[in-house]
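Participant: Pasting a structure here, questions to come.
Derivation of every value follows stated rules applied to the coordinates shown; laboratory data play no part. From a predicted model like this one, the values you see are computed outputs, not experimental measurements. Cβ sites come from the backbone with ideal geometry, for glycine too, and all protein chains shown count toward neighbours.
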Amino acid sequence: MNMQGRLNIFQRTMLKWDEFHPYNAIGLLKVPGRLDAQRLKSALNRSIERRGIGRFRLDRKLRAYSYPGGSYTADLRVISGAEDSLKAAHNEVELQLNMRFVEADGEINPFRFFAVDGPDFFYLGIVYFHVIADGYSLAQLAKDIARAYQSADDEALLQCTDLYPDTCRSMFRRKPVSFFLPSLSIPNFLSGLRRSTKPYQMYHVNDQQLGFRLLRCDAPIAATLSAVAHTWGVTQNDVLLALVFKVIAPFVSEKKVRDKKKRMAIGAAISISRELGIKLRGTFGVFLSSFTVSHMDPASHSLEVLSKDISRQTLRIRKRRLYLVTLFEKWLALKFMPLMQRKQQMKFYPKNYPLWAALTNMNFKTLMDDLEGGREIELASTVSTGPSCPIAFSVIRVRETIHAGISFRLAVFSRAEVEQIAADFLRYARELTALPVTPKKGRQEEA
């Protein structure tokens, strides 16, 4: 079996997580117009074939992969949304989050699709094996599928120029100092994790079923989020992290392990495509790392104070590139975990990475604008929580609409509790629209 690419550290970690529970990601497109299932299936086939990503061969032992290419026939499930199309899409997303991709003789069809018809629009779900792609690769694929559905002109579709991008190992070889200096912070990083509390239900390793909830924030909230972040001198990502702290904090005291630890930690994903020297357009893969922020008492602070506290942490993380430390500790975990029994492996992440939530934040403001009816196309996403945290927020902004896909561990958060979390998130977000906004100099890059 000829393998052309090597899995990077984050992909290998995802592959390990997939052993415990399906580690899937899902993009949900809302497309204007009535559903034509045959035309949609043709668009899916053409988009996937042109990129050459319809077949994924994996050698777990060598940690290598390849895309053999060839013809492709989409696995498309059409669902009636006559009564409530959003609810039908919602239910299907939850089902797909908990459904494993089948591997046969080292080969996986890494995509599943579903479509839910509505009165004058339809939802398209793009379910994919998260090991193959991150959120940016998903967004470009979603745009191409929408374009192919509108037009039979395949020349307008994006052709992947690089399915086998550079790995983190090459980055460390090229710039060893840029990795060595952040690695000096590993003792402080581990010490911070040890001081953080953890949800005791995460130890219920036999119950990893996931639920799903979709949030939609309309134009006033999206516009205000940017303006408020600018006024406070922080990034939008800092404000979103503060929102997640605020909505999760009320549940910590009753769900935490009974110890004296008080810090609450949240993880956030970050792209390292710049460090890898990768041009994202035309490249398909996963180019991620992550970082952790923590706080002693988020419930008693205002969003402004909390955002500024978080900003001080993220500024230090970005300035010193401390997110690269995460890759090293993930590499160490992959080295040690084979020495453990399976039950110990399943408890390893909840015990050593006590996160209460995770956030992925992506801004594709003008992504769909050059498509016919592109201003009416909406995109949302969600990912499996993984073994480290009980709830994950996947936030995507397209034009002036923000969607937050919330996946959550049902053993930790009940559906009623997540409804409360969603309501609080919207309430805090709407309160931002009433704040005075005075543009001033602040950090504009996303952390």
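Participant: Using the count of nearby Cβ atoms within 10 Å as a rough guide to exposure, how do 86, 379, 371 rank from fewest to most?
Facilitator: By the 10 Å Cβ count, ascending, the order reads 86, 371, 379.
Participant: Quick one: of the DSSP bridges fully inside segment 5-156, what percent are antiparallel, nearest 5?
Facilitator: Once the DSSP bridges in segment 5-156 are tallied, antiparallel ones form about 85 percent.
Participant: Of the DSSP beta bridges with both residues in the chain, give the percent that are antiparallel, rounding to the nearest 5.
Facilitator: 80 percent
Participant: If one computes the Cα centroid of segment 33-60 and of segment 240-314, what distance in Å separates the two points?
Facilitator: The two parts, judged by their Cα centres, are 34 Å apart.
Participant: How high is the relative contact order of the chain, in percent, counting Cα pairs under 8 Å that sit 6 or more residues apart?
Facilitator: Relative contact order here is 23 percent.
Participant: As a footprinting exposure proxy, order 431, 378 by other Cβ within 10 Å, with the fewest listed first. The partial results should precede the final answer.
Facilitator: Working: 431 12, 378 19.
Final ranking by Cβ density, sparse to dense: 431, 378.
Participant: Order of 85, 407 from fewest to most other C-beta atoms within 10 Å? Present the calculation step by step, with values, prior to reporting the outcome.
Facilitator: Values: 85 20, 407 27.
Final ranking by Cβ density, sparse to dense: 85, 407.
Participant: Here's something else I'd like to know. For segment 5-156, what is the largest minus smallest coordinate of the Cα atoms on each principal axis, given in angstrom and ordered from greatest to least?
Facilitator: Projected onto the principal axes, the Cα atoms of segment 5-156 cover 49, 36, 26 Å.
Participant: So, one more: What net charge is computed for the residues neighbouring residue 66, neighbours being all others with C-beta under 13 Å from the C-beta of residue 66, Lys and Arg scored +1, Asp and Glu -1?
Facilitator: The answer is +2.
Participant: Ratio of alpha-carbon Rg to the 2.2 N^0.38 Å globular estimate for the chain, to two decimals, please.
Facilitator: Values: Rg = 21.2 Å, N = 447, 2.2 N^0.38 = 22.4 Å.
The chain yields a ratio of 0.95.
Participant: For segment 342-418, what are Rg and Dmax over the alpha carbons, in angstrom?
Facilitator: Cα radius of gyration and Dmax of segment 342-418 are 16.3, 52 Å respectively.
Participant: Counting pairs of alpha carbon atoms under 8 Å apart in space and at least six apart in sequence, what relative contact order in percent does segment 40-141 give? Spell out each step's value before the answer.
Facilitator: Values: 137 pairs, mean separation 26.3, N = 102.
With pairs under 8 Å counted, the relative contact order is 26 percent.
Participant: Further, regarding this structure: Please tell me which of these pairs span more than 30 angstrom C-alpha to C-alpha: 30/335; 87/330; 61/255; 255/330?
Facilitator: Working: 30/335 42 Å; 87/330 37 Å; 61/255 38 Å; 255/330 26 Å.
Result: 30/335; 87/330; 61/255 exceed 30 Å.
Participant: Given the DSSP H assignment, sum -39500 (n - 2.57) over each helix run of at least 4 residues in the chain and divide by its residue total; what's the result at 222 nm in deg cm²/dmol, nearest 500?
Facilitator: Taken over the chain, the calculation gives -12000 deg cm²/dmol.
Participant: Give me, ordered by chain and number, the residues 5 or more places off residue 74 or on other chains with an amide H under 5 Å from its own placed amide H.
Facilitator: Residues meeting the amide H criterion: 45.
Participant: In addition: Taking θ as phi - 60°, what are the ³J(HN,Hα) couplings along segment 59-75 by the Karplus curve (6.51, -1.76, 1.60), each to the nearest whole Hz, with x for Gly and Pro?
Facilitator: Along segment 59-75, the couplings run 10, 5, 5, 8, 6, 10, 8, 7, 10, x, x, x, 5, 9, 10, 5, 8 Hz.
Participant: Still on this structure: Taking θ as phi - 60°, what are the ³J(HN,Hα) couplings along segment 30-35 by the Karplus curve (6.51, -1.76, 1.60), each to the nearest whole Hz, with x for Gly and Pro?
Facilitator: 9, 10, x, x, 6, 6
Participant: Take each uninterrupted DSSP H stretch in the chain, measure its Cα extent along the helix axis, and return the ones at 30 Å or beyond whose mean Kyte-Doolittle hydropathy is at least 0.0.
Facilitator: Helices meeting the span and hydropathy rule in the chain: none at all.
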